[in-house]
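Enquirer: Dropping a structure here in structure tokens format, bear with me for questions.
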Amino acid sequence: MKLKQLFSDCDIKVSEEAGILDITGIAFDSRSVKPGNIFVALAGNIVDGHDFISDAVKNGTSVVVGERPAVSMPAFGATAYYQVPNSRQLLSKIAANFYGNPAKKLTVIGVTGTDGKTSTCNMISGLLRKAGFKTGLLTTINVDIDHTVVDTGVHVTTPDAVSVQSYLAQMVAAGVQYAIIEATSHGLSQYRVNDCEFDIGMITNVTHEHFDYHKDFNSYREAKSLLFRLLNRESGKDFQKYAILNADDPSYDFFKDQACVVSYSYGIKNSADFFASNIVCVDDHYLFTVNMPGGKKIEIKSKLMGIHNVYNALAAIAVTYLQNIPTQSIKDYFLNPDILPGRFEEIVSGQPFRVFVDYAHTENALQNVLDLANQIKKGRLILVFGLSGGLRDKSKRPGLGRIAELNSDLAIITAVDWYPSEPVTEIIDQIAEGCIAAGGEEKRTFVKIPDREQAIAYAIQTAKSGDVVVIAGKGHETSLSINGVEYPWNEVEVTKSKIRKFAQNDQ
Ligand SMILES: CC(=O)N[C@H]1[C@@H](OP(=O)(O)OP(=O)(O)OC[C@H]2O[C@@H](n3ccc(=O)[nH]c3=O)[C@H](O)[C@@H]2O)O[C@H](CO)[C@@H](O)[C@@H]1O[C@H](C)C(=O)N[C@@H](C)C(=O)N[C@H](CCC(=O)O)C(=O)O
Ligand SMILES: Nc1ncnc2c1ncn2[C@@H]1O[C@H](COP(=O)(O)OP(=O)(O)OP(=O)(O)O)[C@@H](O)[C@H]1O
């Protein structure tokens, strides 16, 4: 693509001569620059991309964009340099231009919130697919372009802006009509989804998370609200825009004020446009009535268990209502929904107790999952859980311990991912402080087993007929970081192997 085209609507003056330069791709890491690429220098949290411009030039970049004034840049020969006010914003814009502004050819649904984004995105997609539409998904689990699955790598949810636009372009090429994007607070605040031209913006809930990065609740919530500010932008698409908001979340009013488009609410406590009533759990199903705008009601029987999934279902059903999806198709979907890996995923391997693997790693998520497990247990509830070290928010640790202590009969605190910056025992001790503060006692109500495999083994060995074992924190993830080294990991397979081992020992 010519530089002039790449910079369309970017408010950058390009000379005739520079405008005809061929740009072969976009790089924001000097190490991945290929000849003819444009290099966008990003000021990072750890280093500053502007300090690597000469490396990018050595690797063959032809044009550089950055925030520093040209006079302060190191000499890098004849390569053109353009100064912009915000490099990350520009990166997103030129990525969209490079890939032909794919979001303008799609109906784009953005889902943000602390918990339930992946689950809700998948429900929306499942419901739309059931009704015959082609969808594309960008979530923590993977990228799914009309059933073609792309692995986005370890610990990534919202990919970088260039990848986001490239995936959207692949969706357009595959004939996808709806793109459903999980928009994290990191992704939003780093402008990774800035040019996704959202048509529907949705929030699940906002609780304590990522204060390591956003510092406090207000800044975290502010980052989430960027989705609604993006929604307010004029996109030129022929589509009525909507915001879908959780009426039971304490931040409901805050988000309602941010969204200047038509908004719909959902909930089970406060009055809402999509309101669930008569919620009961019967034989591994949740039954509930969805009261819709205009007085219409839908009776749902859902295989997706838990009150949290009732919330997710309401939000997803709101989308289908706005798209006029037939009621029967909605009912049919919930009878046989997509079961996501690591989201209250049951492991059935002939054992006389029930075992579930779940991705809960916030207080709210853990509370919801333990409420559900307590509802279905016939004996004790044994919980294996922990929290990541490294970038993960440290202030969550005692709170998670408290929830575990108050809602399980035995809590086994173990490692999730941990890094050289902090020993795993320190993380576990801080979680244990929360257990103790809630009345727990080591070796009686909770134990500490740093090795995750041993912790799972202990839970399986200890469980008796009628018990429920919940193994929380890793879910679908396919690697486990031990002291900064990533090892392949499959929570379901590890658990099954322990079940087999102890079944043999019992014979
Ligand atoms: C904390 C965080 O979000 N970090 C993101 C941020 O990195 P950073 O600011 O630390 O970057 P940096 O290392 O200081 O480098 C600055 C710039 O110099 C460049 N560089 C660096 C070295 C070099 O030799 N040459 C060079 O050009 C880097 O490529 C970068 O562009 O900007 C980078 C470039 O856009 C992102 O890749 C990086 O995401 C990293 C991979 C990350 O782990 N992010 C996680 C925390 C994240 O975003 N997670 C959320 C999900 C959270 C959840 O669990 O809910 C997600 O959406 O994935
Ligand atoms: N609406 C909800 N409210 C509270 N907890 C939820 C909700 N939906 C799911 N959960 C819990 O959160 C866990 C993660 O769910 P999900 O992957 O859908 O959330 P997420 O927001 O995408 O998480 P992440 O940001 O870590 O990718 C689930 O395994 C479940 O324990």
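Enquirer: From the list Thr107, Thr112, exactly one residue is within 16 Å of ligand 2 (Cβ to nearest atom), touching a residue at least 40 places away in the same chain (Cβ under 8 Å) and under 29 Å from the mean Cα position of the chain (by Cα). Which is it?
Expert: None of the other options fit; the residue is Thr112.
Enquirer: Given (1) small (Gly, Ala, Ser); (2) at pLDDT 95 or above; (3) open to solvent by less than 50 Å² (accessible area, probe 1.4 Å), where does Gly153 come up short, assuming only one miss?
Expert: The failed condition is (2).
Enquirer: Out of the strands (runs of 3 or more DSSP E) lying entirely within the range 88-166, which hold 3 or more residues that are closer than 22 Å to Val261 by Cβ and not assigned by TED's automatic domain parsing to the domain that holds Lys474?
Expert: Those strands (runs of 3 or more DSSP E) span 107-112.
Enquirer: I'm trying to understand the selection: among the residues of the range 213-234, which are within 11 Å of ligand 1 (Cβ to nearest atom) and either assigned to a loop (DSSP other than H, G, I, E, B) or open to solvent by 50 Å² or more (accessible area, probe 1.4 Å) (or both)?
Expert: Listed by number, the list holds a single entry, Tyr213.
Enquirer: Additional query: Could you please find all residues in the range 356-385 being in contact with a strand residue (DSSP E or B) (Cβ under 6 Å, 6 or more places away or on another chain) and in a loop (DSSP other than H, G, I, E, B)?
Expert: Answer for the range 356-385, where residues must be in contact with a strand residue (DSSP E or B) (Cβ under 6 Å, 6 or more places away or on another chain) and in a loop (DSSP other than H, G, I, E, B): Ala360, Lys377.
Enquirer: Would you mention how many residues in the range 452-488 are among the hydrophobic types (A, V, I, L, M, F, W, C), open to solvent by less than 30 Å² (accessible area, probe 1.4 Å) and under 23 Å from the mean Cα position of the chain (by Cα)?
Expert: Going through the range 452-488 one residue at a time, the tally reaches 4.
Enquirer: While we're on this one: Determine which single condition Ile412 fails, assuming it passes every other condition in (1) modelled with pLDDT under 95; (2) open to solvent by less than 50 Å² (accessible area, probe 1.4 Å); (3) not charged (D, E, K, R).
Expert: Here Ile412 meets the rest and fails (1).
Enquirer: Filtering the range 128-150 down to residues that are open to solvent by less than 30 Å² (accessible area, probe 1.4 Å) and in contact with a Lys or Arg (Cβ under 8 Å, 6 or more places away or on another chain), which residue is nearest to Asp332 (Cα to Cα)?
Expert: Filtering the range 128-150 for residues that are open to solvent by less than 30 Å² (accessible area, probe 1.4 Å) and in contact with a Lys or Arg (Cβ under 8 Å, 6 or more places away or on another chain), the one nearest to Asp332 (Cα to Cα) comes out as Thr135.
Enquirer: Restricting to the range 241-259, count the residues that are touching a helix residue (DSSP H, G or I) at 6+ places or on another chain (Cβ under 8 Å), in a loop (DSSP other than H, G, I, E, B) and more than 17 Å from Lys117 (Cα to Cα).
Expert: Qualifying residue count for the region: 2.
Enquirer: From Tyr321, Tyr311, grab the single residue that is among the aromatic types (Phe, Trp, Tyr), closer than 23 Å to Glu363 by Cα and in the same structural domain as Asn122 (by TED's automatic domain parsing).
Expert: Result of the check over Tyr321, Tyr311: Tyr311.
Enquirer: Still on this structure, please answer the following. Given (1) open to solvent by 10 Å² or more (accessible area, probe 1.4 Å); (2) within 16 Å of ligand 2 (Cβ to nearest atom); (3) in contact with a Ser or Thr (Cβ under 7 Å, 6 or more places away or on another chain), identify the lone condition not met by Glu405.
Expert: (2)
Enquirer: Report yes if Ala432 is away from ligand 2 (no atom under 16 Å from the Cβ), at pLDDT 95 or above, in the same structural domain as Leu372 (by TED's automatic domain parsing) and assigned to a helix (DSSP H, G or I), otherwise no.
Expert: When the stated conditions are applied, Ala432 passes them.
Enquirer: Restricting attention to the range 356-374, which residues are over 22 Å from Lys394 (Cα atoms) and either out of contact with any helix residue (DSSP H, G or I) (no Cβ under 6 Å at 6 or more places or on another chain) or surrounded by fewer than 24 Cβ atoms within 10 Å (Cβ to Cβ) (or both)?
Expert: Those that are over 22 Å from Lys394 (Cα atoms) and either out of contact with any helix residue (DSSP H, G or I) (no Cβ under 6 Å at 6 or more places or on another chain) or surrounded by fewer than 24 Cβ atoms within 10 Å (Cβ to Cβ) (or both): Phe356, Asp371, Leu372, Ala373, Asn374.
The values are calculated or read from the model by the stated rules, or taken from the named source; none is laboratory data. Everything quoted here is computed from the prediction, not taken from an experiment. Reconstructed Cβ throughout: ideal geometry from the backbone, glycine too, with neighbour counts over all protein chains shown. In case anyone asks, the SASA skips ligands and DNA or RNA and just uses the protein heavy atoms, side chains included. Shrake-Rupley method; radii C 1.70, N 1.55, O 1.52, S 1.80 Å.
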